[in-house]
Amino acid sequence: MNEIVQLNSKMKLSEHFTLGELTKSGSHPEVYNIPSHEAITNLTNLSKWLEVLRERAGVPIIINSGYRSPQLNRKIGGAPNSNHLTGCAVDIRTSGMEQAICYAAILINYSEESNHDFDELLIEKNRYGAIWLHFAVRAKDNRRKVMFINA
């Protein structure tokens with residue numbers, strides 16, 4: 001099966017993050033995953049936080065999942081009301097729990113310093129032992145939800 005070409009994949013959302021990086025799907029490249037203008041605006045806002053994280057962590061930030069179309073979200077078993085559907089969330093790859101906690105601390109500190117809220121900051125671990133940081137920022141009505149999730 002041929003991989004679907006994603007439109008404007010090289011479009012820069014910030015200095016170090018592209019639209020392609022925040023819309024790619026490694027597990028289902030055959031599924032169309034093209035965000036709306038509103039979702040691109042949300043991804044651009046989220047990229048500002050990712051730039052702060054990258055600068056303060058001193059390492060490149062690798063995104064496992066960003067925007068998800070409804071079709072992609074269903075295919076991977078995502079929550080029906082996921083922030084990924086609106087371009088408000090990313091899953092950030094980590095090398096383990098220590099790095100996930102470090103990233104979380106950086107984002108919480110930035111939120112306090114800048115007086116900007118986030119919606120979700122979740123350190124997640126799946127049944128295979130993989131650990132990642134789910135981070136979401138909405139345009140409004142952010143909940144500052146912080147949790148560890150062990151699936």
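The values are calculated or read from the model by the stated rules, or taken from the named source; none is laboratory data. Owing to the predicted nature of the structure, the values given are computational and were not obtained by experimental measurement. Cβ sites come from the backbone with ideal geometry, for glycine too, and all protein chains shown count toward neighbours. Ligands, DNA and RNA are excluded from the accessible area calculation, which covers all protein heavy atoms including side chains. Shrake-Rupley method; radii C 1.70, N 1.55, O 1.52, S 1.80 Å.
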Residues located in segment 91-131, provided they are farther than 20 Å from K48 by Cα, under 17 Å from the mean Cα position of the chain (by Cα) and among the hydroxyl-bearing types (S, T, Y): S95
Some residue of segment 34-41 being in contact with a strand residue (DSSP E or B) (Cβ under 9 Å, 6 or more places away or on another chain) and surrounded by fewer than 16 Cβ atoms within 10 Å (Cβ to Cβ): no
Flag for H16 being of a type outside the set (A, V, I, L, M, F, W, C), assigned to a loop (DSSP other than H, G, I, E, B) and within 25 Å of Q99 (Cβ to Cβ): yes
Elements of type helices (runs of 4 or more DSSP H) contained in segment 27-129, each with 3 or more residues being in contact with a Ser or Thr (Cβ under 7 Å, 6 or more places away or on another chain): 37-57, 70-76
Unmet criterion (only one of (1) touching a residue at least 12 places away in the same chain (Cβ under 8 Å); (2) closer than 20 Å to L22 by Cβ; (3) out of contact with any Gly (no Cβ under 7 Å at 6 or more places or on another chain)) for Y67: (3)
Residue check for L122: touching a residue at least 12 places away in the same chain (Cβ under 8 Å) and out of contact with any Gly (no Cβ under 9 Å at 6 or more places or on another chain): yes
Qualifying residue in segment 123-136 (condition: closer than 16 Å to E21 by Cα, surrounded by fewer than 15 Cβ atoms within 10 Å (Cβ to Cβ) and not charged (D, E, K, R)): no
Test for K24: is it open to solvent by 30 Å² or more (accessible area, probe 1.4 Å), more than 22 Å from K125 (Cα to Cα), among the charged types (D, E, K, R) and modelled with pLDDT under 95: no
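Just to be sure, is I76 modelled with pLDDT of 95 or more and of a type outside the set (F, W, Y)? Step through it out loud before you land on a result.
Numbers: modelled with pLDDT of 95 or more: no; of a type outside the set (F, W, Y): yes.
Spelling it out, it is not the case that I76 is modelled with pLDDT of 95 or more and of a type outside the set (F, W, Y).
Identify, from the list R68, R54, R93, the residue that is over 27 Å from K140 (Cβ atoms) and modelled with pLDDT of 95 or more.
On the way: R68 fails: over 27 Å from K140 (Cβ atoms); R54 fails: over 27 Å from K140 (Cβ atoms).
One residue alone meets the criteria, R93.
One line per residue, one yes/no per condition, for (1) closer than 13 Å to P35 by Cβ; (2) surrounded by fewer than 17 Cβ atoms within 10 Å (Cβ to Cβ); (3) charged (D, E, K, R):
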residue: V59; (1), (2), (3): no, yes, no
residue: Y67; (1), (2), (3): yes, no, no
residue: I76; (1), (2), (3): no, yes, no
residue: N81; (1), (2), (3): no, yes, no
residue: H84; (1), (2), (3): yes, no, no
residue: I92; (1), (2), (3): no, no, no
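Kindly evaluate S47 against the criterion of being surrounded by 20 or more Cβ atoms within 10 Å (Cβ to Cβ), under 16 Å from the mean Cα position of the chain (by Cα), modelled with pLDDT under 95 and closer than 18 Å to I62 by Cβ. Spell out the reasoning first.
Details: surrounded by 20 or more Cβ atoms within 10 Å (Cβ to Cβ): yes; under 16 Å from the mean Cα position of the chain (by Cα): yes; modelled with pLDDT under 95: no; closer than 18 Å to I62 by Cβ: yes.
Criteria not met by S47.
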Selection count where residues are open to solvent by 80 Å² or more (accessible area, probe 1.4 Å) and out of contact with any strand residue (DSSP E or B) (no Cβ under 6 Å at 6 or more places or on another chain), scope segment 137-151: 6
